[in-house]
Structure formats: C-alpha cells, structure tokens
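Report on the structure given below.
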Ligand code: SF4
Ligand code: SF4
C-alpha cells in the first residue's frame, strides 16, 4: 500500500500536521484537517480490529491510553478523541488515580460528546491507599467512575496493578473485603461488561488469579509487553526486580483463553532510546519506519492481543499510531528475529526499567525520579556513562562530561542527591524499582565514586 511507504514526516506534511513539541499547543482545525494523505477521505477508517470473545464486539487493535493527557487542555483532549474515533479507535483507558484524580473527568467530558456505542471505556479500581480497603469506600471510588465518565455502564473494568505487594496486598485490597465478589456481581448486573485486572510485579499473584479463572471468568487481562520484556524481564535480577517474562504471561493467558490488553508496548518510551547501532539495523530493514512503529507492530502482531494501549498526549503520536494499525502490517519472521537480536544486545546494558509513569511522584523532597532515570538511561544507551572500568583512560573525561550535562539538565532540588531515602515512592512503583538505591547509584557516578 502506497501509504505505508510514506515516512512519518512526509505523512504528517501531507496530513497538514506540524511536527515537533509545539504540536500540542496548536489550535487545531476541525476533524477535516486530519485526513492522512491527499487520497484519504477525512475520517476514513482502515483500522485493524480484534474480536472480543463471548460478545463478538470489534475492538480496535490500537487502544488509547489516556493517562498522559494534559490536565489543563480539554480542547486538545477533545480533538485527539475526535480524531481517534473518526479513524476507528474505540478503546479508551483511564483510571481514578490518573492525572492527579482528574483524568476520568477529562476523558468523560471528551467521550460523552460521542454516541455511547462508538467507544468502549476502560477504568480501574485504584484502591492502592489503605483508606479504600473497606468495601464501602471502594464502592465510592467505583461509583465515582460512572459519574466522572458520564456513563451508566463500564465496558472494561480492571483491578488496578495487582501483583504489587504480593498476595498480601491482593487479599487486603480485593479478597478479604468482598470487593472482588462485588465486582463479579456488578458484571452479572451488566454495569460492568468485561472484568479483568492489570498486572505488575509478583508473578505468584498472576498465577493465583489465572488458576482461579473458573471462579472469576476473566474477560481480559492487561500486562506489560514489548519486545524487550518478552524474554528479558526475568533477567533483570539483582538490581531491582525479579519478574516473569511477558512471554510467560502471554502464553499462560492464551492457553486459558483470556485475551490480552497490552500496556507499555514502547516501555514508556524507553525503547526509543535504544543504542544507535540497533537503530541502524532497523533502518536497514525498513528505512522509513520509526522505532515506535517497529515496537507497536511487534506487539500487535500477536494474535491473542485484544488491543495495544499507547499512552498518547500529542496529536503527532496518535496519527502515527493510527497509521501503524490502519491496517496492521504484521511482523515477518525475519523482522521478529531482528528484534530478538536487538533485545539481546540491549539487555546487556544495565538501564533502569522506568516507564516514566510517574506513579512515584511527587517526591516529598522534590526529586524528579523519572527524569533522573531517563537521563541515566539515555547516557547509558549512548555510551556516555563512565562505567564500569574506572581505570580506563576515558573515565575522568566521561565522568566530567556526564556531570556537566547532568548539572545543566536538573535544577538543584530535582537531583538524585536530594533523595532522603524516605521510601515513600517505593510501594508506588509498578516496576518494583528500588528507587532510592538507583538514585544513589546515579549520585555515586556524579561524585566519581
Ligand atoms: S525515597 Fe527518595 S526519591 Fe523516593 S520519595 Fe523518598 S526522597 Fe523521594
Ligand atoms: S520509578 Fe517507577 S513509578 Fe516512578 S516513573 Fe519510573 S516506573 Fe513509574
């Protein structure tokens, strides 16, 4: 298809869309501005769909993760939602805790401008805080989601982030208080149409829930999946976590007949920072494709995926992701092989598996936690870090350069050395990163230790 041969810049140019960070600030024209090429009709829908088991509903293979949308620009959110719906995206994911509690309301305001049968909305029970561990208080959070989203049924409802804190947390949040039984009854009553959970962390919780599928009949499960975590998540031991590979999770779900919603297909943007030599290999095979297109194509090619969520907050990303899935061109065996090789190359590099979700923020002492990890990962991927041989002739020079760039990048209060080891962030990180330890590692590099 000719459209597939356009590179992203050409594509955006033809679409009349300006590239770059200023995009989000532009006052965008009505929906007719977003035709994808001169041959495309405005709003033409070439999206690839997957079929929801049991109901036969068609779910767009690209799902819109709303978490990163701005809290103060409803107009942009409305325009992105309008564009998405016009181009066939029909799965929208939010949660009570996103956007400092404002995201559901923003999403509800944008979606409710469309007929209810044009979209599926997913939200969650984000009862991480102890104050929501009684059934009554959790029900309040649940009822508020309906109000914020302006709906009388929720299409996809998830227990948010199970696995964090192991079985003990699952018991406190969902089992001992009767909350999961309540949610199952709500599904029977039709207020929840599909019930599932998003999984992070302790694989014993995942196994327990899937092994009890006969009791709960999960309609879907949301997992983190990308070509790096497919076979390498469990290798990242010692530094911060010990987890199951996405391959294990995906295969177990497929075997149980449970469809998968994917989060972090791009590892929160971390895959865009892959080493130059890896990017060159990708470019050699598909010169016009971006790394993001590779990552999305890889995930969405798996047949048991119901939808692949992308956390989008600028129109440019939405347009590119719609393009990638309209229709999806599945990865070939040779492409899969190349990505596997790249994952092997990348995992030798001890980056911090931070997805920039910012659940750990704000830090009471002002540390920019995701910013520090992003800076560190970037430096690591581009071989700017003076690691690991301190005796190497370049060490002093590299250390000085790293420090110079770091000090220029971060205000004093946001730096790693401001961490007081209070551990307030620890239980909030879905990736199980030992945040203070990793910050202290960055600090050690800055101090030349
Ligand atoms: S442990 Fe450090 S980074 Fe985490 S919240 Fe406390 S001061 Fe902030
Ligand atoms: S450290 Fe953890 S919680 Fe914080 S942004 Fe990174 S992945 Fe998210």
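Read-outs throughout are calculated quantities, based only on the coordinates presented, and are distinct from any laboratory measurement. Just so it is clear, the model here is predicted, and its values are computed rather than measured. A quick note on method: Cβ atoms are made from the backbone with ideal geometry, for glycine too, and the neighbour counts reach across all protein chains shown.
Things worth noting here:
- Nitroxide proxy distance, nm - points 7 Å out along Cα→Cβ at residue 256 and residue 140: 3.2
- Dividing the Cα radius of gyration of the chain by 2.2 N^0.38 Å, with N the residue count, gives 0.98.
- Taking other C-beta atoms within 10 Å as the exposure proxy, 107, 77 rank 77, 107 from fewest upward.
- Note on residue 401 and residue 286: their simple-model spin labels are 3.2 nm apart, each label 7 Å out from Cα toward Cβ.
- Binned Cα-Cα distances of region 369-446, short to long, each 5 Å bin given as a whole percent: 3, 15, 26, 24, 16, 11, 4, 1, 0
- Protection proxy ranking of 217-224, 402-409, 179-186, by the mean of other Cβ atoms within 10 Å over each peptide's residues and highest first, is 217-224, 179-186, 402-409.
- For the chain, adding -39500 (n - 2.57) for each run of n ≥ 4 DSSP H residues and dividing by the number of residues yields -11500 deg cm²/dmol at 222 nm.
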